[in-house]
Structures are given as C-alpha cells and as structure tokens.
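The values are calculated or read from the model by the stated rules, or taken from the named source; none is laboratory data. Every value quoted in this text rests on a predicted model; they were computed, and no experiment measured them. Neighbour counts run over all protein chains shown; Cβ positions are idealised from the backbone, glycine included.
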Amino acid sequence: MSFTVEERGNPNTLSYRLFFKNSDGKYVSPFHDIPMYADESQNIFHVVVEVPRWTNSKMEIATKDPLNPIKQDVKKGNLRYVANVFPHKGYIWNYGAIPQTWEDPGHKDGDTGCCGDNDPIDVCEIGTKVCSRGEVIKVKVLGVLAMIDEGETDWKVMAINVEDPEAKDLNDISDIQRLKPGYLEATVDWFRRYKVPDGKPENQFAFNGAFKDKDFAIETIKSTHGFWKALISEKTNAGGLNCKNTCVSAGDSPFCCSTDEAKAVVGRTSPCGTEDHIPCSGKSLKIFFTLRL
C-alpha cells in the first residue's frame with residue numbers, strides 16, 4: 001500500500017495544502033482512509049509525517065477540513081512556527097500522527113485524569129532519515145510519553161521507521177535510553193518548553209514525565225483507534241471534525257465522499273505556486289533561552 005501527495009497553494013502561506021492519494025490515484029483522507037496498521041500481526045503502524053526533523057513550520061493534518069489535508073497551523077491570523085529553544089533546532093524527530101486514531105475530548109483517561117485533545121495520536125519517529133512532509137512510513141512502536149497540554153491528554157508515541165538501519169536493535173523504550181542516551185531527556189525537555197516563547201507556561205506530564213513501555217504504548221494506540229471507530233460510525237458526536245472519507249464509510253453514510261466530490265474539494269484550492277519566504281522575524285530563525293526558576 002503506497003500513498004502520494006499533491007501540493008496546492010503556495011508553500012509558507014495560508015493557502016498551502018497537501019492532499020493525499022492512494023496507489024489508485026484516488027484522493028483519500030490521511031485521518032480516516034489510511035489504515036492504522038501496516039502489519040497488524042507484527043504491531044507495525046502507519047505514520048503520516050507532518051513535520052520533518054529540524055524544521056519549524058507547525059504543519060498538521062487539518063481535522064476540520066474536507067479530506068483533512070496537511071496545512072500549517074494558524075494563530076491570530078499568522079502562520080505558526082515552533083521556536084528554536086536552546087539547544088534544540090526545530091522539531092528533534094520526524095513528527096506525525098497515526099491515522100485512524102482519535103484522542104476523544106469526551107473521554108477522561110484513567111491514568112492522566114484528563115480528556116483527549118481531539119486529534120489523532122502523535123508520533124515522534126527517531127530514525128536516522130529526515131523524512132519528507134506527507135510521507136507515509138511504517139513504524140515500530142517503542143514507548144509513549146503522556147503530556148498534559150493545557151489540561152488535555154496529548155500522548156506522544158516514540159517509534160522508529162522499520163526501514164531504519166537501527167530498527168532491529170530498538171524494540172522497547174529502554175533500548176532508546178541504552179543506544180541513544182539523552183534522547184528521551186531531550187524529548188521531555190522539548191515538549192516541556194516549546195510553548196514558552198509564545199508566553200505560555202511549561203507543559204506538564206503524567207507519570208512524573210516518565211516514559212511508558214512498548215506494551216503500554218500499543219494499548220494506548222488501540223484505545224484511540226476504538227475512539228476513532230466510534231467517531232467514524234457516528235456513535236460519537238464529531239463536533240467540528242470533518243469525517244468525510246472516500247474508502248471506509250458505506251455509501252449511505254453522511255461521511256462517504258465520492259470520487260467526484262473529492263476532486264471538487266481539491267479543485268476549490270489554488271494550484272501549487274511559488275514558495276514564499278519565511279518572515280525574518282519568524283521564531284524559526286531565532287534561538288530562545290528559557291530560564292527555569
């Protein structure tokens with residue numbers, strides 16, 4: 001199973017979108033149509049890469065837009081960039097999401113005591129390759145961090161691309177500590193402080209910031225898949241989420257999107273144009289030092 005992307009609009013502008021197609025050339029939703037599992041028997045999962053390592057543009061699956069293309073997050077009318085908080089440069093992993101998962105904002109997690117953040121579950125892929133935006137990769141799950149973001153549960157799954165040369169040696173969270181010393185501590189530090197330059201407080205964590213192991217992570221992913229199933233089968237109120245899809249809903253579902261409808265959605269966006277420059281005042285070009293008192 002393979003997927004390609006189609007750029008629309010101008011990169012680094014509000015118009016930019018990245019739409020997905022399957023191997024048949026059919027437009028699909030990266031939120032709903034890409035299977036969660038790449039190989040269920042081996043617990044291998046698909047991950048949609050939203051932000052390549054070392055980059056700063058806060059790209060994400062647009063859960064409220066038709067076909068859920070990747071676009072850049074916006075705050076107060078401006079494109080969002082994650083600051084370089086010393087000693088980090090942009091995102092320190094390939095950052096993305098597992099399709100067909102959903103952190104239900106109506107479900108209070110028994111471990112964290114907080115409800116979900118209304119998004120697919122996030123993944124930090126730690127392999128050696130810098131992935132491309134929109135790339136769909138197959139990963140082995142290693143563990144998970146429970147971040148509490150403004151009172152919401154925001155799981156961060158640690159994983160590695162199965163095609164990475166180091167994948168055979170990394171099988172659980174303890175292997176990251178052993179083979180990549182300092183990486184887990186850097187991950188907690190990054191998530192703790194990355195919003196501070198925006199004037200927000202440091203993020204908090206369940207389990208005192210400790211990572212849970214592979215088995216815990218896989219069960220967490222499976223639970224978010226269950227929430228997604230309830231969402232796509234209309235057993236849960238979708239709220240503002242757009243659940244239109246071209247592959248998983250039956251023809252009588254209000255979420256079923258025909259091929260022609262999908263083409264029309266893409267056709268309403270602008271053709272791919274010239275990339276704009278990132279503003280010199282953008283946080284992606286600065287280095288921020290944060291003090292912990």
Of the residues in the stretch 108-127 that are of a type in the set (A, V, I, L, M) and in a loop (DSSP other than H, G, I, E, B), the one that is farthest from the chain's Cα centre (by Cα) is Ile126
Checking Ala206, Ala210, Ala167 in turn, the sole residue that is closer than 18 Å to Ile98 by Cβ, surrounded by fewer than 21 Cβ atoms within 10 Å (Cβ to Cβ) and aliphatic (A, V, I, L, M) turns out to be Ala167
Just one listed residue, out of Ile44, Ile61, is within 23 Å of Glu103 (Cα to Cα), buried (at least 20 other Cβ atoms within 10 Å of the Cβ) and at pLDDT 95 or above, and it is Ile61
Being of a type in the set (Val, Ile, Thr), within 17 Å of the chain's Cα centre (by Cα) and not in a strand (DSSP E or B) narrows Val130, Val157, Val144 down to just Val130
Exception for Gln100 within (1) on the phi > 0 side of the Ramachandran plot; (2) free of Cβ contacts under 8 Å to residues at least 60 places away in the same chain; (3) under 12 Å from the mean Cα position of the chain (by Cα) falls at (2)
Reported set for the stretch 192-203 where residues are part of a helix (DSSP H, G or I), in contact (Cβ under 8 Å) with a residue 40 or more places away in the chain and buried (at least 16 other Cβ atoms within 10 Å of the Cβ) is Arg193, Val196, Pro197
Residue hits (the stretch 24-36; hydroxyl-bearing (Ser, Thr, Tyr) and under 12 Å from Val136 (Cα atoms)) are none
Counting only residues in the stretch 1-22 that are aliphatic (A, V, I, L, M) and assigned to a loop (DSSP other than H, G, I, E, B), the one farthest from Leu231 (Cα to Cα) is identified as Leu14
Ala210 meets each of (1) of a type in the set (A, V, I, L, M); (2) under 23 Å from Glu40 (Cβ atoms); (3) out of contact with any Lys or Arg (no Cβ under 9 Å at 6 or more places or on another chain) with one exception, condition (2)
- Query: When you look at Val196, is it of a type in the set (A, V, I, L, M) and in contact with a helix residue (DSSP H, G or I) (Cβ under 7 Å, 6 or more places away or on another chain), yes or no?
  - Reply: no
For the stretch 23-37 the number of residues that are surrounded by fewer than 19 Cβ atoms within 10 Å (Cβ to Cβ) and either assigned to a strand (DSSP E or B) or of a type in the set (Gly, Ala, Ser) (or both) is 3
Expected output for the stretch 107-129 (first residue closer than 26 Å to Pro69 by Cβ and among the basic types (Lys, Arg), partner in a strand (DSSP E or B) and modelled with pLDDT of 95 or more, Cβ below 7 Å, 6+ apart or cross-chain) is Lys129/Asn161
Note on Ile137: of the conditions (1) surrounded by fewer than 22 Cβ atoms within 10 Å (Cβ to Cβ); (2) closer than 24 Å to Thr63 by Cβ; (3) among the β-branched types (Val, Ile, Thr), unmet is (1)
